[in-house]
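Please read the structure below before turning to the comments.
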Amino acid sequence: MTPVNRRKLVRLVMRTLVLSTSLLLTMSARAQARDHLTDAETDLVRYWQELDKRTEVFIKAADRRFAIINGAVQPAIKKAQKDEPEWGDVPKGTRAQLLGDVAGILDEAINNIDNAATHNPKNPLVTRALRKLNNAANGYVQQLNSLKTKTTDADEIAAIERINDEAKEIMEASGHLPTGAVEEEQPDQKGKKKKPNQ
């Protein structure tokens, strides 16, 4: 092999190696999943063991993202208990990432309700949580209809479709709920609200 051919071969191998490395790094970055909840929001989900309260955390987390997307002021969140964890910093990300977060949040909320219903189908918290999630999902669909007409970004459109799919699932499930008032928490003997089990 002549020195000229050897240099050409080395250059070709180096270019191939650089291209392969950059391709692998790009694929690795895309493969890393983004958490749909912040660490503080995850702490709140763990803190609230009652299904309806946990569902409220999911709804507030989604509301925070829609506020960012819509350029609105963050919704005021009051602590229900003194030892309740803080909500932490507002979530960060692109519109597509925030919309993807909302889809993940709705999916996790659905899974929580499904899991509780599987373990105890007569649990009144299942009905209460599903009604709350349905009300929120209806509001999200209205916001999505407006957002969908304003975007051409493929990732945003895909995330909007995922949210719509999750919302449809929620609305279909809530269509099977009995009609009537939402069940209220029953106070115990001392006048404090009970903490029902999941």
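The values are calculated or read from the model by the stated rules, or taken from the named source; none is laboratory data. None of the values given here were measured: they were computed from a predicted structure. We place every Cβ from the backbone using ideal geometry, glycine too, and count neighbours over all the protein chains shown.
Can you report the number of residues in the stretch 10-56 which are at pLDDT below 90 and either part of a helix (DSSP H, G or I) or farther than 30 Å from residue 116 by Cα (or both)?
Total meeting the criteria: 22.
Could you grab me the full set of residues in the stretch 59-102 that are in contact with a Lys or Arg (Cβ under 9 Å, 6 or more places away or on another chain) and part of a loop (DSSP other than H, G, I, E, B)?
Scanning the stretch 59-102 gives 74, 75, 77, 80, 85, 86, 87, 90, 91, 93.
For the stretch 44-79, give me each residue that is loosely packed, with under 10 Cβ neighbours inside 10 Å and in contact with a helix residue (DSSP H, G or I) (Cβ under 9 Å, 6 or more places away or on another chain).
73
State the number of residues belonging to the stretch 153-181 that are surrounded by fewer than 13 Cβ atoms within 10 Å (Cβ to Cβ) and at pLDDT below 90.
Qualifying residue count for the region: 6.
If you check 105, 170, 110, 157, which single one turns out to be assigned to a helix (DSSP H, G or I) and farther than 20 Å from residue 63 by Cβ?
Among 105, 170, 110, 157, only 157 is assigned to a helix (DSSP H, G or I) and farther than 20 Å from residue 63 by Cβ.
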